Amino acid sequence: MLKQALCAVVLAVFATSCSTTSDQCCTDSGSTNASTSRMKSLAEFQAQAAKFKNRLSLPQFETTTNEINATADATMASGNALLDTVGKLSPSKVNFDNTLGALDRLGHQVGSTMNRLFLIKETSTSEAVRDAATEAVKKLQEWAVGLDYREDVYKAVKGYADTKPKLAGEDAKLLEETMRDYRRAGLALPKAQRDEVERLRKELTGVSTDFDSNIAKIQKPMKFTKAELEGVPDSLLGAPGVKTGDDEYTVHINVTWQYLAIMEHAKREDIRKRVVTEQHSLAMKDNLPLVEKLLILRNQIATKLGYKNWADFQIEVKMAKDGATALEFEQKLKTGLQPKFDAELAEFRKLKAAETGDANAQIYLWDWRYFAEKLKEQKYTVDAEQLRVYFPMQRVLDGMFAIYQRIFGLKFERVEPPYKWIGDLQLWAVSDSKTGEPLGFFYLDMFPREGKFNHFAEFGLIDGKRLADGTYQRPVCSLVCNFPPPSADKPSLLTHQDVETIFHEFGHAMHTILTRAKYSRFAGTSVPGDFVEAPSQMLEAWVWDKKVLDSFAADYRDPSKKIPAEILGQLKASKYAIYGNHYRRQLSFGLMDLMLHTQITEANIKDAIPLANQTLSDTFLPVPEGTAMVAYLGHFVGYDAGYYGYAWADAIAADMATVFEKAPDGYLDANAGRRLREEIYAVGNSRDANVSIEKFLGRERSIEPFLKKIGVN
Ligand SMILES: [Zn+2]
């Protein structure tokens, strides 16, 4: 029943792909679509969009280093000119459009350019072009920081705010948040203090960049004998560059997958301990002084701006609103997880006692991954690799598209892109399935290649925005993926984790494309940082649902074979079995981050590292002596006083998922999907996230679904 209903949607879009059982046929659904019902051209979509007063356009991609440099220069020149115009307005001439409207237009222009260059930096096939794009992005970012401090522009905007205009809704929010930004940059302070804040902010940017590059340049090869690496799989031992002598293996512990292969599989405890200790000491020499500098600068900026601490400053613009609220949330979770965490450690201890013969064996930081893996193998007999046969790439994409089209009331059609940065690039138009209104485009860049971004992600390109002539600029984004390339005898086969990731990333694409926000500042995914991941994290639940998976996943050799329920059940149980460890570890970073950014000032800076280590040890497992993993924590810059957002968004995601879970059609329920589209995606940040979430839920938020999911009673 469910499957048939879904098939109807599939049939409408993928003409023949659903009625056939051959995967071969599915591998070219786009051209199948084209051959049975001619592929529409870009111009046809644009003409259709015009009927809805929508503007549909694609980015004009730079293809040479000269073009990139010229774009960066032109963007800064036109931006400066626009700001000059705003800055010259006399107090009697200011109005909404020539101040706030102008700034949003500038934001849209600069944002589109930066987005495009950012994508080029991650996807161009030319190293020179990637390097030029990297430089251009850096230059534009530096230039953009200085824009906050254009006093002439601030005076014009403040002049308009001082007229106390009667605004409502999105307009009022734009004024309020623009003034808030100026205040946060220090513009409301007397000149001398403001200059000081500007100086501190610039210094902070510099130190942050140094902190990041110290992490990026770390190389940590460690040499082992074969005997020392007992238990470590051939996927590491046989990897290029690892076997470096007769009985010598060189492992780079700064490379995450190599580090994990050791931590999960090396049988010898002394080896695991050595590796964890080294990993927790990475970048210490260079970055410890910078950690202190960053904490002092952040605290100085926050207090000069009138905040108690950096956490209050950072979190003011998020859902949690202040440091104390975030801290309380994390601490409650920590306490709630104690019984489950204890029970999991007891399981690990049993396994360790059995393996070592030591009845009093204890679990240390270097043990948990290893025994979590043993638990998976012994208790859940899960081999994630064996699920790959059910996830041939094209089947997953077709199935995922069918699901998103169904729940959000959309139609995806393939369009021939006028420009391709890679030969097999796909471009898809998204329209409303009922009205036929074109809503935007997404690109699909599928396979790995040299120099390309190496994970899965959604990149925004053009944000949605109501233009001056009343038309609506529809958004464009790109999914950058790294599906395993097909081989001579097999199609591209995904892991279940890949499938989860692509469902997550495609959720971001929907968030971007389905926007109706008037201003680009509020469009799409530009929602508070502790909320933005929630809708996508929620969509990960889809790939754990047998009904959802059965709508597309099938053995590529014999598509009548669906995923056995017990394998899925085991996989789910094995994930649940270590939630206590997973979340207590995550909370250890979140709490460390919040403690440092609420407790440390210049006066007690020498307490910073002990406090960080103490928090990590109290929340998860004791850290090895003499280490300081904060020096190697990339999130310390960029997610500062923001790491809590992962758990915060997870809690909202679990709550939001209940709307689908309780709906008649479950995760495929079109009414629930419609509400998600209208109350969350379409509004973006044009209204308070709390309001949007409650409108979607139809009730107040609750943390209970999350607590239940992770095993807190
Ligand atoms: Zn995400």
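A few points about this structure:
- Cβ-placed point charges (K, R +1; D, E -1), dipole of segment 40-127 about Cα centre in debye, nearest 20: 480
- Positive-end residue, the chain charge dipole about Cα centroid, Cβ charges, pick of ASN299, ALA654, TYR472: TYR472
- Between GLU316 and GLU625, the modelled labels are 4.4 nm apart [label points 7 Å from Cα along Cα→Cβ].
- Proximal charge balance of ALA641 [Cβ under 11 Å; K/R count +1, D/E count -1]: -4
- Three-way shape label, segment 151-269, alpha-carbon gyration tensor, a/c 1.5: prolate
- With a threshold of 19 Å on the Cα-Cα distance, the over-threshold entries among LYS334/LYS709; LYS273/LYS332; LYS332/LYS708 are LYS273/LYS332.
- Within a straight-line Cα-Cα reach of under 17 Å, LYS53 can be paired with the following aspartates and glutamates, leaving aside sequence neighbours fewer than 8 residues apart in one chain: GLU44, ASP432, GLU437, ASP463, ASP469.
- Take every pair of alpha-carbon atoms less than 8 Å apart whose residues are at least six positions apart; their mean separation over the length of the chain yields a relative contact order of 17 percent.
- Restricting segment 444-486 to trypsin sites (Lys or Arg not before Pro) that sit in a DSSP loop and have at most 15 other Cβ atoms within 10 Å of their own Cβ leaves ARG449.
- The residue among THR250, ALA192, PRO484 whose Cα reaches farthest toward the positive pole of the charge dipole of the chain, with charges on the beta-carbon of Lys, Arg, Asp and Glu, is ALA192.
- About its Cα centre, the dipole of segment 492-540 is roughly 460 debye, where the only charges are +1 on Lys and Arg Cβ and -1 on Asp and Glu Cβ.
- Segment 57-62 - phi-based ³J(HN,Hα) in whole Hz, Karplus 6.51/-1.76/1.60, Gly and Pro as x: 9, 10, x, 8, 7, 6
- Summed side-chain charge close to THR85 - residues other than THR85 whose Cβ falls under 14 Å, Lys, Arg +1, Asp, Glu -1: +2
- Percentage relative contact order, segment 577-664, counting C-alpha pairs under 8 Å, at least six apart: 35
- Candidate aspartates and glutamates for bridging to LYS223, where Cα separation is under 13 Å - those fewer than 8 sequence places away on the same chain excluded: ASP246, ASP247, GLU248, GLU278
- Pairs from the table (LYS352/LYS379; LYS575/LYS662; LYS285/LYS606) lying more than 18 angstrom apart at Cα are LYS575/LYS662.
- When nucleic acids and ligands are ignored and a 1.4 Å probe is applied, LYS139 ends up with an accessible area of around 90 Å².
- Residue-by-residue Karplus 3J(HN,Hα) for segment 237-247, coefficients 6.51, -1.76, 1.60, Hz, glycine and proline x: 4, x, 5, x, x, 8, 7, 10, x, 3, 10
- Cut-off 10 Å between beta-carbons: net charge of the residues surrounding MET538, Lys and Arg +1, Asp and Glu -1: -4
- Residues listed by number, segment 128-153, amide nitrogen under 12 Å from LYS202 label point at 7 Å toward C-beta: 143, 145-147, 149
- Segment 307-441, relative contact order in percent, only Cα pairs under 8 angstrom and at least six apart counted: 10
- Backbone HN-Hα couplings from phi across segment 624-637 [Karplus 6.51/-1.76/1.60, Hz, Gly and Pro as x]: x, 4, x, 9, 7, 5, 4, 5, 10, 8, x, 5, 5, 10
- Taking Cα centre as origin and charging only the Cβ of basic (Lys, Arg, +1) and acidic (Asp, Glu, -1) residues, the dipole magnitude of the chain rounds to 1560 debye.
- Where only DSSP H runs of four or more residues are counted, the chain gives -17000 deg cm²/dmol as its mean residue ellipticity at 222 nm, each run worth -39500 (n - 2.57).
- Computed accessible area, VAL129, all protein chains, 1.4 angstrom probe, square angstrom: 10
- Applying 1/(1 + (r/R0)^6) with r as the Cβ-Cβ distance of LEU260 and LYS708 and R0 = 35 angstrom yields a FRET efficiency of 0.75.
- Accessible surface of THR356 - all protein chains present, 1.4 Å probe, nearest 10 Å²: 70
- The chain: C-alpha gyration tensor shape, a/c 1.5 cut-off, then a/b vs b/c: oblate
The values are calculated or read from the model by the stated rules, or taken from the named source; none is laboratory data. Nothing here was measured: the structure is a model prediction, and the numbers come from that model. For neighbour counting, all protein chains shown are included, and Cβ atoms are generated from backbone atoms with ideal geometry for every residue, glycine included. These area figures cover heavy atoms from the full protein model, side chains too; ligands, DNA and RNA do not enter into them. Shrake-Rupley method; radii C 1.70, N 1.55, O 1.52, S 1.80 Å.
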